[in-house]
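Inspection log for the structure reproduced underneath, given as structure tokens.
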Amino acid sequence: MLVIFIGPPGSGKGTQASRLCEHLSIAHLSTGDMFRAAIQEETELGLQAQQYMDRGELVPDQLVVEMVAEALRNAPYGDGCLLDGFPRSLPQAEALDQILAGEEKQVDVVLELDVDDGILIERLLARKRPDDTLDTIHNRLKVYQEQTSPLLNYYRERRLLSTVNGEGTVDEVHREILEQALQKNE
Ligand code: AP5
């Protein structure tokens, strides 16, 4: 089963991805986590990514796609995989389709986490990650609207998209995600 999470910053992608992956025994691939690990290890990729992340911009598609293609080749695929934070632009979605076609795999479910901007900002300011400053959060929200939200139609047209209300408690959102993911995968 291949699941994609799409949602604005702070919508709970990381929180819910961990829980869903544990429940379904599938691998969790978070591009944000991969970049943060690369920054921590001070690799060339990390150095390049950091300048974009600090501004709340997307890391260039080519860098992201190469990193994900390699991770998918090495991921403990087993029963499947959840992509958290990828794709985030139309070129990334098209690149993913190509990668999967080459491996005779396909996207099974795309889950959108829908949360009001005011709640997102509150959650992110409370967390205090380096890119959780007010200016950067505003830019991340703008980038989401401009570059990532067009993916919703891309996957809606392919009948893969389900929208989940991400404003409930972590448990409530988890239950809805599980229901939607299993329904779509039937
Ligand atoms: P990434 O790490 O993916 O960050 P993001 O999309 O901005 O998302 P966040 O991690 O902020 O939030 P989330 O939705 O995962 O929510 P979380 O569970 O953490 O990306 C960071 C950067 O990397 C990007 O800006 C970009 O520069 C780069 N990047 C990554 N992928 C890329 C790509 N594909 N292409 C190009 N660039 C890329 O929750 C947030 C907070 O809310 C937490 O404190 C959590 O405890 C709390 N919370 C969660 N759920 C609830 C709930 N139901 N109720 C109350 N609190 C909750």
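Readers should treat all values here as calculations from the given coordinates under stated rules, not as data from a laboratory. Just so it is clear, the structure is predicted and the values come from calculations on it, not from any experiment. Quick reminder, even Gly has a Cβ in these numbers, built from the backbone with ideal geometry, and neighbours come from all protein chains shown.
Rounding to the nearest 20 debye, state how big the charge dipole of the chain is about its Cα centre with +1 on each Lys and Arg Cβ and -1 on each Asp and Glu Cβ.
In debye, rounded to 20, the chain gives about 120.
Can you tell me the relative contact order of segment 2-176? Whole percent, Cα pairs under 8 Å, sequence separation 6 or more. Don't skip to the end; give the middle numbers.
Values: 243 pairs, mean separation 62.2, N = 175.
In percent, rounded to a whole number, it is 36.
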Handout entry: Using distinct alpha-carbon pairs, which all enter the 1/r mean, Kirkwood radius of segment 2-176 in Å
Key = 16.5
Exercise for the section: Check cross-link reach from residue 128 to the lysines: straight Cα distance under 30 Å, and skip same-chain residues fewer than eight apart. Expected result: 13, 142
Exercise for the section: Could you rank the peptides 148-161, 5-18 by their average count of other C-beta atoms within 10 Å per residue, with the highest value first? Expected result: 5-18, 148-161
Completion exercise
In terms of the alpha carbon gyration tensor, root eigenvalues a ≥ b ≥ c, rounded if a/c is under 1.5 and otherwise prolate when a/b exceeds b/c or oblate, segment 127-169 is oblate
